[in-house]
Amino acid sequence: MIKTKLEINPKAKGLIFDLDGTLADTMPIHYIAWKNAASRYGIDFTPGLFMQLAGIPLYPTVEKLNQIFGKLIDPQEMGDLKEAEFEKNMQLTPEIKIVTDLVRANHGKIPMAVGTGGARRLALKTLEIIDLEEYIDVLVCSEDVQNYKPHPETFLRCA
């Protein structure tokens, strides 16, 4: 049976959410952006590779691609290309309603934070697209941590 409503434990003192793939269904848009950017450097960016690198911030992802494919791609150059590709279509991002309903239902009742491996500028834009920018008390982005996901620092800072 598919759940149509999420409930929180009444003892919870706060809620922490990931952004991409939890609140906002941006993953298909990120995948196409990576695929398009990587193809310019002769890299076949497969769905499996995308899943392997999911959650890693932009420039470290390019560094990983360099390691995997034996390339010397400038992380800034490819990363900026990928972000431009993403921004072309990010307005199409749908919310993940079962989770965003939970945020809206608990707004003002319990502190809420979002942690993301993405850049603050795009995270804020994504929250605006899914109409959640006013509901989040704390936003922790790639610029705010030294150890990016999957290291727990992002979510520890949220807490």
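Restricting the first residue to the stretch 39-53 and requiring it to be without any contact (Cβ under 8 Å) to a residue 40 or more places away in the chain and within 14 Å of E77 (Cβ to Cβ), which pairs with a second residue that is part of a helix (DSSP H, G or I) and open to solvent by 50 Å² or more (accessible area, probe 1.4 Å) meet a Cβ separation below 7 Å and a spacing of at least six or different chains? What qualifies is I43/F69. Restricted to helices (runs of 4 or more DSSP H) entirely inside the stretch 1-69, those with at least 1 residues that are over 19 Å from K88 (Cα atoms) and not aromatic (F, W, Y) are 47-53, 58-69.
In the stretch 70-79, how many residues are part of a helix (DSSP H, G or I) and either open to solvent by 10 Å² or more (accessible area, probe 1.4 Å) or over 20 Å from Y148 (Cα atoms) (or both)? Within the stretch 70-79, residues that are part of a helix (DSSP H, G or I) and either open to solvent by 10 Å² or more (accessible area, probe 1.4 Å) or over 20 Å from Y148 (Cα atoms) (or both) number 3.
Once the stretch 37-61 is narrowed to residues that are under 16 Å from the mean Cα position of the chain (by Cα) and among the β-branched types (V, I, T), the residue that is least open to solvent (accessible area, probe 1.4 Å) is T61.
Cβ-Cβ distances below 9 Å connect the following pairs, each with a first residue in the stretch 55-71 that is more than 20 Å from G118 (Cα to Cα), a second residue that is in a loop (DSSP other than H, G, I, E, B) and at pLDDT 95 or above, and a separation of six or more residues or different chains: I68/I43; F69/Y41; F69/G42; F69/I43; K71/Y41; K71/G42; K71/I43. In this structure, does F17 turn out to be touching a residue at least 24 places away in the same chain (Cβ under 8 Å) and open to solvent by less than 30 Å² (accessible area, probe 1.4 Å)? Taking the combined requirement at face value, the residue satisfies it. Flag not set for F69, criterion: hydrophobic (A, V, I, L, M, F, W, C) and under 14 Å from the mean Cα position of the chain (by Cα).
The values are calculated or read from the model by the stated rules, or taken from the named source; none is laboratory data. These numbers were taken from a predicted model, which means no experiment stands behind them. Counting neighbours? That spans all protein chains shown, and the Cβs are built from the backbone with ideal geometry, glycine included. Remember, those area values only see protein heavy atoms, side chains included, never the ligands or the DNA or RNA. Shrake-Rupley method; radii C 1.70, N 1.55, O 1.52, S 1.80 Å.
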